[in-house]
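A quick write-up on the structure given underneath.
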Amino acid sequence: MAVELDHSFTTQRPIDESFEVVSDLEKTIPCVEGGEVVERTGPDSVKAQITVRMGAMSLKFAGTVDVTEKDPAAHRIVLNVKSREAGGQGHANATVEFVLREGGGDIHTNAQITGTAASMGEGVVSGVLDAMIADFASKVGNL
């Protein structure tokens with residue numbers, strides 16, 4: 001199942017400082033509810049995991065997050081997330097694009113979900129992802 005979502009965030013930081021904060025995976029990943037960095041694997045890549053609550057169920061995913069595009073002049077960053085469901089056959093992969101501006105920025109997420117999470121239905125998955133990213137956007141704006 002594919003899900004596309006758009007969110008905005010506001011911040012009091014200057015745009016160049018926001019670019020540095022969003023580029024720092026060890027700062028941004030913990031802004032995702034249930035997300036944590038397990039290990040830095042390169043200057044722009046980490047191993048990470050997340051526990052996602054979907055109704056009465058909790059699903060754990062582990063994988064990698066890589067900065068695949070970084071354009072300081074355009075204040076644009078693209079992350080590639082690849083993860084597998086622990087103990088299951090599913091995955092949750094995403095491309096997350098940040099376009100920053102003075103006073104905040106926009107986040108475009110294109111996610112592909114399979115397995116247990118996808119079996120809960122598009123409405124549930126979209127609702128959970130939308131709430132997660134909205135919460136993330138408010139936290140990243142306050143870093």
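Summary of values
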{"quantity": "Top-ranked residue of region 15-50 - restricted to ones that are among the aliphatic types (A, V, I, L, M) and assigned to a helix (DSSP H, G or I), ranked as nearest to Asp130 (Cα to Cα)", "calculated": "Ile29"}
{"quantity": "Selection status of Lys27, in contact with a helix residue (DSSP H, G or I) (Cβ under 7 Å, 6 or more places away or on another chain), surrounded by 14 or more Cβ atoms within 10 Å (Cβ to Cβ) and basic (Lys, Arg)", "calculated": "yes"}
{"quantity": "Among the candidates Ala73, Ala118, residue that is exposed (fewer than 15 other Cβ atoms within 10 Å of the Cβ), more than 16 Å from the chain's Cα centre (by Cα) and more than 16 Å from Lys139 (Cβ to Cβ)", "calculated": "Ala73"}
{"quantity": "Residue count for region 2-14, restricted to those that are surrounded by 15 or more Cβ atoms within 10 Å (Cβ to Cβ) and either assigned to a loop (DSSP other than H, G, I, E, B) or not β-branched (Val, Ile, Thr) (or both)", "calculated": "5"}
{"quantity": "Check on Ser45, touching a residue at least 12 places away in the same chain (Cβ under 8 Å) and surrounded by 17 or more Cβ atoms within 10 Å (Cβ to Cβ)", "calculated": "yes"}
{"quantity": "Elements of type strands (runs of 3 or more DSSP E) contained in region 51-143, each with 3 or more residues being in contact (Cβ under 8 Å) with a residue 40 or more places away in the chain", "calculated": "57-71, 91-101, 104-113"}
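Rule-based calculations on the coordinates, nothing more; no lab input. This is a predicted model, so every value here is computed, not measured. Because the Cβ atoms are built from the backbone with ideal geometry, glycine has one as well, and the counts that use them run over all protein chains shown.
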